[in-house]
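Undergrad: Take this structure first; my questions come after.
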Amino acid sequence: MSVRVHGVMLVALLMLSGWPSASEAHVVRFVVEQKRVVADGQSFGDAGPYERLDGTVYIEVDPRDPLNKVIVNLDKAPRTPKGLVGFSSPFFILKPVDAARGNRKILYGVNNRGNKLDFSWRSILPRTDAATASATNNPLNAADFGDALLFRLGYIYVDAGWQGNVAPGNDRLYPNLPVATEADGRPIVGRVRVEYADAEGFTRPLEGTAAFRAYEAADVDPARSTLTVRDKVGGARVAVAADHWAFGRCQTGRASLVPTRTDICVFDGFSRDRVYELVYPARNPMVMGLGYVVTRDVASFLRYELKDEAGNPNPLAAGSPGTGIRRAYGSGISSTGMYMRDFLYLGFNEDEAHRKVFDAVQITIPGTHRLFANVEFADPNTYSRQDMWHDSLSYSYPPLTFGVTTDPVSGVRDGILKRPATDPLVFQVDSANEFWQMNASLNVHDGQGRPVPTPDNVRLYFASSFHHVGVSGLLNPPGPPGQCEIATQGNGWAPTLRALLVALDEWADRGVAPPPSNYPRIEDGMLVGLADLRGAFPAVPGVRLPTALNELALPDFGSGFSSTGGRVSKLPPSLGTRYQVLLPKPDRDGLDLGGIRSIEVSAPTATLTGWNVRATGRRPDDLCGLTGATIPFAKTKAERAASTDPRPSLEERYGSKDGFVRAVEDAARRLVKERFLLQEDADRYLQAARAADALFTRTTGNQ
């Protein structure tokens with residue numbers, strides 16, 4: 001029996017067992033099931049000790065409410081006796097033990113793929129707390145929270161499961177969403193497309209990874225599905241014969257086949273340098289759009305209500321004067337940055353009582369992509385990039401801009417923010433990689449290259465020369481190339497997002513104007529085409545420049561699909577008119593001009609880029625995913641001359657380590673003044689610069 005059918009049965013059992021009903025969609029039960037003190041009771045600044053609450057929220061949604069009608073297949077979900085749709089989700093809260101000692105502000109960090117505190121890079125805490133935080137999805141110890149900036153500032157951190165196809169395990173958060181059916185109870189069947197790249201061996205879960213639940217095949221006859229292979233993303237699709245593959249697991253090939261509805265076996269094995277695409281009939285779509293309701297209703301309940309319908313108290317409600325919630329902020333990073341753009345566009349920042357849910361949101365590294373979880377058979381795990389999933393659902397689809405504009409390619413006149421009464425203040429910060437992989441330049445110009453304005457309640461920031469997950473430098477060493485050709489960058493987001501969180505709070509809470517937007521724009525000459533970028537980039541010996549970026553052509557997923565989601569009938573989609581997509585212009589060192597020029601860019605020791613290229617044997621004509629490159633400078637003038645590197649050496653730039661320390665001091669002073677760096681993080685950089693002996697041992701011997 002499928003996990004989706006189990007989900008339907010669970011909903012039915014909850015209804016029969018007396019699930020509380022309501023006259024309108026809202027949280028009906030908010031149950032704290034476990035309460036634990038974190039960090040052994042350590043006190044964090046004025047906020048004091050923190051505790052962790054884990055539990056389950058039960059929500060009911062009225063399909064007739066205009067605010068909910070946008071949810072695809074909500075009308076096909078099981079109903080309670082009162083005609084509502086019920087479901088549940090786990091939640092996770094970190095809060096001061098004494099609420100009066102905190103800042104009485106919620107920071108709702110929407111989890112990425114169910115990972116509540118994935119300290120490797122995905123969620124909010126690794127990018128606002130020090131890089132020393134441990135990698136855990138079950139944070140309890142002091143080491144799990146780094147220097148605990150959020151705690152020291154007094155925030156209440158909240159999250160709840162929203163992505164319905166996350167598989168159980170590793171303490172991930174995922175909701176129990178209902179499965180939609182036809183009116184007569186028959187399963188809904190629709191075609192689903194999945195793509196496998198960099199795959200090896202003979203077998204894969206249909207979803208590509210066991211971390212997510214695949215939509216099970218409605219028909220396991222390979223002749224009724226299509227499997228193709230191509231040698232590169234834009235290559236011709238070549239059909240794999242139906243007798244050369246099957247639905248099932250097979251660790252050693254055909255002879256080991258165990259038939260299933262949720263796996264694929266390729267009898268000749270996958271080749272890691274090719275791209276495979278499977279289109280198959282699937283069944284039992286969950287109502288994935290209810291994930292947005294989880295975020296809306298949990299945040300709204302914790303912000304505004306005293307208790308749920310069953311009488312359970314809101315654990316964040318005012319228990320005494322001066323303890324109620326004052327502000328609520330939302331945060332989404334990478335895929336959940338795309339989610340947050342959808343959340344705002346679909347109107348979920350307005351609750352059923354027509355109140356604003358989040359005062360402000362910080363959206364990080366989505367470019368102009370939206371997640372499109374509000375689709376029948378949605379797959380929020382995948383997203384468009386040049387080297388994989390290029391024309392997947394999570395793509396840049398109009399509207400692309402926050403302000404209401406007319407898209408000249410599609411003719412759509414629309415915007416992400418169009419509800420002044422409930423729209424929040426917005427920070428969006430993108431790295432250079434989002435310009436290469438997620439069409440970020442279309443935030444500031446239309447598809448024909450004409451500038452578009454940024455609304456007054458939005459700030460667009462550019463993390464110059466960062467890749468998707470950070471930057472290399474004094475606090476973050478570069479990584480090995482892996483499947484890329486050039487050494488990669490590290491996780492360096494923390495200092496930038498720590499400062500931006502403080503600036504966002506000052507804007508929302510005290511009306512202090514934030515730093516102005518600093519996205520590269522056509523008007524200031526900071527955006528260029530790929531050919532111009534290649535011409536401007538320094539000719540570093542041995543460095544192969546990219547020949548492609550993730551282009552955007554208007555996708556047609558069929559008549560049932562629109563800007564709000566819907567149903568997909570064209571797989572793969574047909575692609576129409578191409579948009580003009582531009583890239584940040586590099587300086588003479590290959591570093592991006594403009595934006596937030598962090599310490600790593602202002603006092604550089606290497607060229608840092610938002611792009612990298614794949615290594616030989618790994619589709620070398622393609623970009624290397626979301627990864628950037630680190631190309632070190634020569635240490636001495638003699639080394640530079642011997643290698644014919646046009647970039648000045650460390651010796652020529654700084655003279656000695658003392659000169660480098662002065663450059664770091666100057667950059668740190670400027671960034672603190674601009675409010676893109678906190679003083680405590682500036683001090684960390686200075687400490688690291690003073691200890692950077694290895695950079696200069698061959699030039700001055702200064703140790």
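Undergrad: Mind counting the residues in the stretch 192-215 that are surrounded by fewer than 17 Cβ atoms within 10 Å (Cβ to Cβ) and either without any contact (Cβ under 8 Å) to a residue 40 or more places away in the chain or not acidic (Asp, Glu) (or both)?
TA: Adding up the residues that qualify gives 3.
Undergrad: From 416, 363, grab the single residue that is outside any loop (DSSP other than H, G, I, E, B), of a type in the set (Val, Ile, Thr) and under 30 Å from residue 596 (Cα atoms).
TA: Matching residue, one of 416, 363: 363.
Undergrad: Can you tell me which residue is least open to solvent (accessible area, probe 1.4 Å) among those in the stretch 491-530 that are among the β-branched types (Val, Ile, Thr) and either in contact with a Cys (Cβ under 8 Å, 6 or more places away or on another chain) or part of a helix (DSSP H, G or I) (or both)? Lay out the reasoning, then the answer.
TA: Residues of the stretch 491-530 that are among the β-branched types (Val, Ile, Thr), as a first pass: 496, 502, 512, 522, 528.
Now restrict to residues that are either in contact with a Cys (Cβ under 8 Å, 6 or more places away or on another chain) or part of a helix (DSSP H, G or I) (or both): 496, 502.
Numbers: 496: 8, 502: 41 Å².
Looking at residues that are among the β-branched types (Val, Ile, Thr) and either in contact with a Cys (Cβ under 8 Å, 6 or more places away or on another chain) or part of a helix (DSSP H, G or I) (or both), I get 496.
Undergrad: Moving on to the next point. Could you pull out the residue among 585, 635 that is more than 29 Å from residue 520 (Cα to Cα) and among the basic types (Lys, Arg)? Let's see the steps before the verdict.
TA: Numbers: 585 fails: more than 29 Å from residue 520 (Cα to Cα).
That would be 635, the only listed residue that is more than 29 Å from residue 520 (Cα to Cα) and among the basic types (Lys, Arg).
Undergrad: Could you look through the stretch 216-255, keep only residues that are among the β-branched types (Val, Ile, Thr) and more than 30 Å from residue 547 (Cβ to Cβ), and pick out the one that is most open to solvent (accessible area, probe 1.4 Å)?
TA: Keep residues of the stretch 216-255 that are among the β-branched types (Val, Ile, Thr), which gives 220, 226, 228-229, 233, 238, 240, 252.
With the extra rule that they be more than 30 Å from residue 547 (Cβ to Cβ), the set shrinks to 220, 252.
On the way: 220: 63, 252: 103 Å².
Checked the stretch 216-255; the qualifying residue most open to solvent (accessible area, probe 1.4 Å) is 252.
Undergrad: Scan the stretch 70-91 and give yes if some residue there is surrounded by fewer than 22 Cβ atoms within 10 Å (Cβ to Cβ) and within 30 Å of residue 142 (Cα to Cα), otherwise no.
TA: Yes - at least one qualifying residue is present in the stretch 70-91.
Undergrad: Taking the stretch 156-180 as the region of interest, how many residues are in contact with a Lys or Arg (Cβ under 6 Å, 6 or more places away or on another chain) and not hydrophobic (A, V, I, L, M, F, W, C)?
TA: Filtering the stretch 156-180 down to residues in contact with a Lys or Arg (Cβ under 6 Å, 6 or more places away or on another chain) leaves 156, 159, 165-167, 173, 179-180.
Restricting the remaining residues to those that are not hydrophobic (A, V, I, L, M, F, W, C) gives 159, 165.
Adding up the residues that qualify gives 2.
Undergrad: Can we say residue 186 is under 29 Å from residue 561 (Cβ atoms) and at pLDDT 95 or above?
TA: Numbers: under 29 Å from residue 561 (Cβ atoms): yes; at pLDDT 95 or above: yes.
Judged against the criteria, residue 186 is a match.
Undergrad: Is the stretch 409-422 home to any residue that is buried (at least 24 other Cβ atoms within 10 Å of the Cβ) and within 26 Å of residue 163 (Cβ to Cβ)? It would help to see each step written out before you state the result.
TA: Here is the first cut: in the stretch 409-422, the ones buried (at least 24 other Cβ atoms within 10 Å of the Cβ) are 416.
Subsequent filtering for residues that are within 26 Å of residue 163 (Cβ to Cβ) retains 416.
For the stretch 409-422, residues buried (at least 24 other Cβ atoms within 10 Å of the Cβ) and within 26 Å of residue 163 (Cβ to Cβ): present.
Undergrad: Checking the condition crowded, with 16+ Cβ neighbours inside 10 Å, closer than 30 Å to residue 287 by Cβ and either free of Cβ contacts under 8 Å to residues at least 24 places away in the same chain or small (Gly, Ala, Ser) (or both), which residue from 595, 576, 560, 566 passes?
TA: Working: 595 fails: closer than 30 Å to residue 287 by Cβ; 576 fails: crowded, with 16+ Cβ neighbours inside 10 Å; 560 fails: crowded, with 16+ Cβ neighbours inside 10 Å.
Of the residues listed, the single one that is crowded, with 16+ Cβ neighbours inside 10 Å, closer than 30 Å to residue 287 by Cβ and either free of Cβ contacts under 8 Å to residues at least 24 places away in the same chain or small (Gly, Ala, Ser) (or both) is 566.
Undergrad: Give the stretch 141-155 a look and list any residue that's out of contact with any Lys or Arg (no Cβ under 8 Å at 6 or more places or on another chain), more than 12 Å from residue 43 (Cα to Cα) and open to solvent by less than 10 Å² (accessible area, probe 1.4 Å), or say none.
TA: Hits for the stretch 141-155 are 145, 150.
Undergrad: Next up: I need a count of the residues in the stretch 379-413 that are touching a residue at least 24 places away in the same chain (Cβ under 8 Å), assigned to a loop (DSSP other than H, G, I, E, B) and over 30 Å from residue 214 (Cα atoms).
TA: The total comes to 8.
Undergrad: I would also like to ask the following. Which condition from (1) at negative phi; (2) touching a residue at least 24 places away in the same chain (Cβ under 8 Å); (3) open to solvent by 50 Å² or more (accessible area, probe 1.4 Å); (4) not small (Gly, Ala, Ser) is the one that residue 170 breaks?
TA: Result: residue 170 passes all but (1).
Undergrad: Of the residues 636, 697, 630, which single one is open to solvent by 40 Å² or more (accessible area, probe 1.4 Å) and of a type outside the set (D, E, K, R)?
TA: Values: 636 fails: open to solvent by 40 Å² or more (accessible area, probe 1.4 Å); 630 fails: open to solvent by 40 Å² or more (accessible area, probe 1.4 Å).
Every option except 697 fails the conditions.
Undergrad: Could you check, for the stretch 668-691, whether at least one of its residues is open to solvent by 50 Å² or more (accessible area, probe 1.4 Å), part of a helix (DSSP H, G or I), of a type outside the set (Lys, Arg) and under 26 Å from residue 542 (Cα atoms)? Show your work before the answer.
TA: Pass one, the stretch 668-691, residues open to solvent by 50 Å² or more (accessible area, probe 1.4 Å): 669-670, 673-675, 679-680, 683-684, 687, 690-691.
Still in the running and part of a helix (DSSP H, G or I): 669-670, 673-674, 679-680, 683-684, 687, 690.
When the remaining residues are screened for being of a type outside the set (Lys, Arg), the result is 674, 679-680, 683, 687.
Then keep just the ones that are under 26 Å from residue 542 (Cα atoms); that gives none.
Scanning the stretch 668-691 turns up no residue that is open to solvent by 50 Å² or more (accessible area, probe 1.4 Å), part of a helix (DSSP H, G or I), of a type outside the set (Lys, Arg) and under 26 Å from residue 542 (Cα atoms).
Residue by residue, here is whether (1) over 34 Å from the mean Cα position of the chain (by Cα); (2) closer than 15 Å to residue 195 by Cα; (3) not aliphatic (A, V, I, L, M) holds:
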residue: 224; (1), (2), (3): yes, no, yes
residue: 233; (1), (2), (3): no, yes, no
residue: 237; (1), (2), (3): no, yes, yes
residue: 251; (1), (2), (3): no, no, yes
residue: 263; (1), (2), (3): no, yes, yes
residue: 266; (1), (2), (3): no, yes, no
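Undergrad: Is it the case that the stretch 534-556 has a residue that's of a type in the set (D, E, K, R), outside any loop (DSSP other than H, G, I, E, B) and closer than 19 Å to residue 592 by Cβ? Spell out the reasoning first.
TA: Taking the stretch 534-556 as the starting set, the residues that turn out to be of a type in the set (D, E, K, R) are 534, 544, 551, 556.
Those left that are additionally outside any loop (DSSP other than H, G, I, E, B): 534, 556.
Keeping just the survivors that are closer than 19 Å to residue 592 by Cβ gives 534.
The answer is yes, given that some residue of the stretch 534-556 is of a type in the set (D, E, K, R), outside any loop (DSSP other than H, G, I, E, B) and closer than 19 Å to residue 592 by Cβ.
Undergrad: Now, a different point. Answer with yes or no whether residue 651 is of a type in the set (Asp, Glu), open to solvent by 40 Å² or more (accessible area, probe 1.4 Å) and farther than 26 Å from residue 469 by Cα.
TA: Numbers: of a type in the set (Asp, Glu): yes; open to solvent by 40 Å² or more (accessible area, probe 1.4 Å): yes; farther than 26 Å from residue 469 by Cα: yes.
Yes: the conditions hold for residue 651.
Undergrad: Here's a follow-up. Of the residues that make up the stretch 332-351, is at least one of a type in the set (Val, Ile, Thr), at positive phi and either assigned to a loop (DSSP other than H, G, I, E, B) or surrounded by 22 or more Cβ atoms within 10 Å (Cβ to Cβ) (or both)? Full working, then the answer.
TA: Initial filter on the stretch 332-351 (of a type in the set (Val, Ile, Thr)): 333, 336.
Filter once more, so that each one left must be at positive phi: none.
No, the stretch 332-351 has no match at all.
Undergrad: Part of a strand (DSSP E or B), buried (at least 24 other Cβ atoms within 10 Å of the Cβ), at negative phi and at pLDDT below 95 - does that describe any residue in the stretch 108-120?
TA: Taking every residue of the stretch 108-120 in turn, at least one turns out to be part of a strand (DSSP E or B), buried (at least 24 other Cβ atoms within 10 Å of the Cβ), at negative phi and at pLDDT below 95.
Undergrad: I'm trying to understand the selection: among the residues of the stretch 256-286, which are among the β-branched types (Val, Ile, Thr) and either surrounded by fewer than 18 Cβ atoms within 10 Å (Cβ to Cβ) or over 16 Å from residue 230 (Cα atoms) (or both)?
TA: To start, the set of residues in the stretch 256-286 that are among the β-branched types (Val, Ile, Thr) comprises 258, 260, 262, 264, 266, 275, 279.
Hits for the stretch 256-286 are 258, 260, 262, 264, 279.
Undergrad: Among 574, 569, which is the only one that is over 25 Å from residue 487 (Cβ atoms) and in contact with a Gly (Cβ under 7 Å, 6 or more places away or on another chain)? Please lay out each step first, then the result.
TA: Numbers: 574 fails: in contact with a Gly (Cβ under 7 Å, 6 or more places away or on another chain).
Every option except 569 fails the conditions.
Undergrad: Okay, moving on. Could you list, in sequence order, all residues of the stretch 266-307 that are in contact with a Leu (Cβ under 9 Å, 6 or more places away or on another chain), part of a loop (DSSP other than H, G, I, E, B) and either modelled with pLDDT under 95 or under 30 Å from residue 344 (Cα atoms) (or both)?
TA: 287, 288, 289
Undergrad: Condition first: over 19 Å from the mean Cα position of the chain (by Cα) and either buried (at least 24 other Cβ atoms within 10 Å of the Cβ) or not small (Gly, Ala, Ser) (or both). Now tell me which residues in the stretch 288-306 satisfy that. Can you show your working first?
TA: Narrowing the stretch 288-306 to residues over 19 Å from the mean Cα position of the chain (by Cα): 297-306.
Selection gives 297, 298, 299, 301, 302, 303, 304, 305, 306.
The values are calculated or read from the model by the stated rules, or taken from the named source; none is laboratory data. Since the structure is predicted, the reported quantities are computational estimates derived from the model, not experimental observations. Methodologically, a virtual Cβ is constructed for each residue, glycine included, from the backbone with ideal geometry; neighbour enumeration extends over all protein chains shown. Side chains are part of the model used for accessible areas, which takes the heavy atoms of the whole protein and leaves out ligands, DNA and RNA. Shrake-Rupley method; radii C 1.70, N 1.55, O 1.52, S 1.80 Å.
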